[in-house]
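The values are calculated or read from the model by the stated rules, or taken from the named source; none is laboratory data. This one's a predicted model, so the numbers in the text were calculated from it and none came from an experiment. Positions of Cβ are generated from backbone atoms using ideal geometry, with glycine treated the same way; all protein chains shown enter the neighbour counts. These accessible areas exclude ligands, DNA and RNA; they are computed on the full protein's heavy atoms, side chains included. Shrake-Rupley method; radii C 1.70, N 1.55, O 1.52, S 1.80 Å.
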Amino acid sequence: MEDSIRWTINVSKATDISLRSYLAQHGLKKGDLSKFVEEAVRWRVLDKTVAEVRERAARGLVHG
């Protein structure tokens, strides 16, 4: 990861176990946790952005 920034985050124990189990089942290593979280965050930001644009478009605030 280029120019990486260290985050300190808190998640529930159930989320931690679920994610680590998922990664292990798919042959991913401990270091892949950061990659997984970064990809998940990128997808969530994209999802929220698309939802916001659609909402504005539905209200007639987007002109094209």
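Helix-only estimate, please: 222 nm mean residue ellipticity of the chain, summing -39500 (n - 2.57) across DSSP H runs of length 4 or more and dividing by its residues, to the nearest 500.
-21500 deg cm²/dmol
Using only Cα atoms, tell me the angle between helix 32-58 and the longest principal axis of the chain; keep it within 0 to 90° and round to the nearest 10.
10
How large is Rg/Rh for the chain, to two decimals, with Cα atoms and a Kirkwood Rh?
On the way: Rg = 16.8 Å, Rh = 14.5 Å.
That ratio equals 1.16.
With a 1.4 Å probe and all protein chains left in place, how much accessible area per residue does the chain have, in Å²?
For the chain, the per-residue accessible area is 96 Å².
Using a 1.4 angstrom probe on heavy atoms only, work out the carbon and sulfur share of the accessible area of the chain in %.
C and S fraction of accessible area: 55 percent.
Counting other C-beta atoms within 10 Å, and keeping those with at most 13, which DSSP coil trypsin sites (Lys or Arg not before Pro) do you find in the chain?
R6, K29, K30, R59
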